[in-house]
Amino acid sequence: MTTLLTHVELVDETLTRLSTEALTLARGLAASHGAELHAAVVGHPNDACVERLGALGVTTLHIATGPSFDAYAPVAWARFLTGVIDDVGAIAGVGPGSDRGAEVMAHVAAALDLPLAANCVAVEPVDGGWSLTRLRWGGVLLEDAVLEADRALLTVAAHQLTTSDADVPAVVEVRPIEVAVDDDALVTRVLDTTARSAGMSLATAPVVVSGGRGVGSAEAFAVLEELAELVGGAVGCSRVATNNGWRSHSDQVGQTGTRVAPDLYIACGISGATQHWVGCMASKRILAINTDVEAPMVTRADHAVIGDLHEILPAVVAEIRARRGA
Amino acid sequence: MNVLVCVRRVPSPGARIALTDDGQAVDTRHLGFTISPHEECAVEEAVQIVERHGGASTVLALGPVEAQDQLRTAISMGIDHGVLLPTDTTDVDPRATAHAIADAIRTLESEGAAFDLVLFGNESADAGNHQVGIRVAHALGRPVVSGIKQIDLDAGVATMHRSVADGLEVCELPLPAVAAVREGLNLPRYPAMRGRLLAKKAEIRHLTPTLQPGGLRTVRLRHPAQQVTETVVLGHGREAAAAVVDLLEEVGAL
Ligand SMILES: Cc1cc2nc3c(=O)[nH]c(=O)nc-3n(C[C@H](O)[C@H](O)[C@H](O)COP(=O)(O)OP(=O)(O)OC[C@H]3O[C@@H](n4cnc5c(N)ncnc54)[C@H](O)[C@@H]3O)c2cc1C
Ligand SMILES: Nc1ncnc2c1ncn2[C@@H]1O[C@H](COP(=O)(O)O)[C@@H](O)[C@H]1O
């Protein structure tokens, strides 16, 4: 029986959401090929996680063990995956749309010298290869492409697919593998992790108050800070704000910044360039505050207030305080 | 320190990306061109490394002859040399791109000093293949890390910091090494007038690449199904404050 291998990741012994997305796409691909769905993981999946993998259709789970796998080491992880791909003769290797997923699959592709399609949203076998659709420009464009290879290597775009379980759950055969890798595979392993200072994280804040060129200066962000504080949210910004040194890059929302999906995104003095839009388009609702009725951010937002943000934001803060005082 | 930076010429679209009628490419008739912010930071880092440690920096692009504009921008920021691998096609597959860049690096190194550090963007702005840097590193047999937000160099070792959700991961790579970097690594400078004048006259070296088929072939580009949103205007100016606070209450923010 042919097999298809998916690289999955764990956080605290449980499967990540992006791994579930990768498995959803991989299961469809395996079915269209009559292949068995295998998964490969580094770490210690707990029993519930193994059961979850079965529900997603995984029949065999390969687990890397050994001292080389205590810390993240992209080359060692890739050696493990290429080893399994070769052993089981997998017709395809699929990775999740995470930073590590992208990095490890690129190492796999480089080691095997095979083509790799990153950020796929659909894949099917065709004569001479694989027909696929992938994201471009951070997600505002789609590319239909052909991967010309017997063995497909791909990563699945993050947050694009609706995840689903298999019609019939599988019983997972667990295969721990003691993987010995040479020292050269450990040269780039992670030696240490420094924790970020705690505080409201931009990526997970329920409300993001974001400012762009219209804010005008670093000092003028004070009222955005005040509003964010009052609503239990975080401050975000556009690249113009970062480039001008008004905010640190860790606040930047967009293609080369952070992607956010809050309940409410408040875009103050931000025009809505595609590279900013891809970072906030997953928000449940968007409120644009802008002097220009025609600004793309305004025409794409759910709600808009037209006018000068320097007048509007202080009035909003005063209104919140007034209602709280009442 | 000899540092090489690889950059890719891409169109710089505004609020909507227009496509050519045949869907083969982005319609660039009304667009300017640029490089990814990740690559801009790679350029700035190379300039700073040479300012601090001495040596020379080189910028390289594979692409149409117009990509010389992007090389010149990098030179205006302080890069010493520019190298173009000219192609007729604008969009070369990432595997073919990596093979061609690795070949060019071998050629350049056979003539002069080796590159202690080769810098890439974490992903290209348009294609986002997440792989060219890693493939080049494999071809050259050098260590590589992605997602890098800080580089410290000391006595033949590069300490690289990768940003992750809950902090920074630290790796130590012996030189020569390769890194794929992210915006936020530094704050790129605006080129000074002197730099721009120098860049205009700078000689760009051309090295004809051998392009093999890479195996990832574009069929066409298209827009995803558009969600049309009816924008509700809550009001104008400070009079809208009450409506905004109502909205904040509605989403449970207060
Ligand atoms: C490859 C690439 C990647 C990029 N990545 C990112 C990214 O990650 N994030 C990002 O943000 N950008 C990114 N950019 C840059 C992006 O293209 C835009 O240049 C940027 O988003 C524009 O920022 P802005 O909206 O603040 O400024 P502008 O486009 O100048 O818009 C300012 C807006 O403020 C409004 N305004 C002005 N004054 C006021 C006022 N007093 N009150 C209310 N409104 C006012 C104006 O009407 C206008 O709509 C990227 C670009 C490229 C090429
Ligand atoms: N045509 C090119 N010329 C020079 N460098 C490139 C080219 N394409 C990609 N790169 C480099 O490789 C990085 C990753 O690209 P990609 O694998 O396409 O996401 C980019 O940020 C550039 O630094």
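Here, each number is a calculation from the coordinates, and none is a lab measurement. Everything quoted here is computed from the prediction, not taken from an experiment. Here the Cβ positions follow ideal geometry from the backbone for every residue, glycine too, while neighbour counts run over all protein chains shown.
At-a-glance table
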{"quantity": "Around residue A:48: net Lys/Arg minus Asp/Glu count, Cβ-Cβ under 13 Å", "calculated": "-3"}
{"quantity": "Calculated FRET efficiency for the pair residue A:13/residue B:212, C-beta based, R₀ 45 Å, to 0.05", "calculated": "0.55"}
{"quantity": "Relative exposure of B:216, B:234, B:248, judged by other C-beta atoms within 10 Å (fewest first)", "calculated": "B:234, B:248, B:216"}
{"quantity": "Using θ = phi - 60° and Karplus 6.51 cos²θ - 1.76 cosθ + 1.60, couplings along the range B:93-101 (whole Hz; Gly, Pro as x)", "calculated": "3, x, 6, 5, 4, 5, 4, 5, 5"}
{"quantity": "Taking the range A:106-218 and dividing mean pair separation by its residue count, relative contact order in percent (alpha carbons under 8 Å, at least six apart)", "calculated": "19"}
{"quantity": "Footprinting exposure proxy for B:198, A:23, A:61 (fewest neighbouring C-beta atoms within 10 Å first)", "calculated": "B:198, A:61, A:23"}
{"quantity": "Cleavage-rule hits (GluC sites (Glu not before Pro)) in the range B:56-159: DSSP loop, at most 11 neighbouring Cβ within 10 angstrom", "calculated": "none"}
{"quantity": "Around residue B:246: net Lys/Arg minus Asp/Glu count, Cβ-Cβ under 12 Å", "calculated": "-2"}
{"quantity": "Chain B: relative contact order as a whole-number percent, Cα under 8 Å and 6+ apart", "calculated": "24"}
{"quantity": "Amide H partners (placed H, <5 Å) of residue A:192, local residues excluded", "calculated": "B:170"}
{"quantity": "Distance histogram for the range A:145-279 (every C-alpha pair counted, 5 angstrom bins, percent rounded to whole numbers)", "calculated": "2, 8, 13, 14, 12, 10, 10, 11, 9, 6, 4, 1"}
{"quantity": "DSSP beta bridges in the protein assembly as shown [antiparallel fraction, %, rounded to 5]", "calculated": "35"}
{"quantity": "Sequence-distant residues sharing a close amide H with residue B:118 (under 5 Å, placed H)", "calculated": "B:4, B:177, B:178, B:179"}
{"quantity": "Chain A - Kirkwood radius from inverse mean 1/r over Cα pairs (Å)", "calculated": "21.8"}
{"quantity": "Hits among aspartates and glutamates - C-alpha to C-alpha of residue B:200 under 16 Å, sequence gap 8 or more where chains match", "calculated": "B:66, B:69, B:80"}
{"quantity": "222 nm mean residue ellipticity, helices alone, for chain A (DSSP H n ≥ 4; -39,500 (n - 2.57); rounded to 500)", "calculated": "-9000 deg cm²/dmol"}
{"quantity": "Residue A:6 long-range amide H proximity, modeled H, under 5 Å", "calculated": "A:38, A:39, A:40, A:94"}
{"quantity": "For the protein assembly as shown, size of Cβ-based charge dipole, Lys and Arg +1, Asp and Glu -1, in debye", "calculated": "1220"}
{"quantity": "Within chain B, helix-based [θ] at 222 nm, where runs of 4 or more DSSP H residues each add -39,500 (n - 2.57), nearest 500", "calculated": "-9000 deg cm²/dmol"}
{"quantity": "P(r) of the range A:25-120 over all Cα-Cα pairs, binned every 5 Å from zero, in whole percent", "calculated": "2, 12, 23, 25, 23, 11, 3, 0"}
{"quantity": "Using distinct alpha-carbon pairs, which all enter the 1/r mean, Kirkwood radius of the range A:219-326 in Å", "calculated": "14.1"}
{"quantity": "Contact order normalised by residue count of the range B:105-171, Cα under 8 Å, 6+ apart, percent", "calculated": "16"}
{"quantity": "Where the Cα pairs of the range B:109-254 fall when distances are cut into 5 Å bins, in %", "calculated": "2, 6, 9, 11, 12, 11, 12, 11, 8, 6, 6, 5, 2, 0"}
{"quantity": "Under 13 Å, Cβ to Cβ, from residue A:110 - net charge with Lys/Arg +1 and Asp/Glu -1", "calculated": "+2"}
{"quantity": "Cα gyration tensor category, rounded, prolate or oblate, for the range A:39-92 with a/c compared to 1.5", "calculated": "oblate"}
{"quantity": "Whole-Å semi-axes of the protein assembly as shown's equivalent ellipsoid (Cα gyration tensor)", "calculated": "37, 32, 23"}
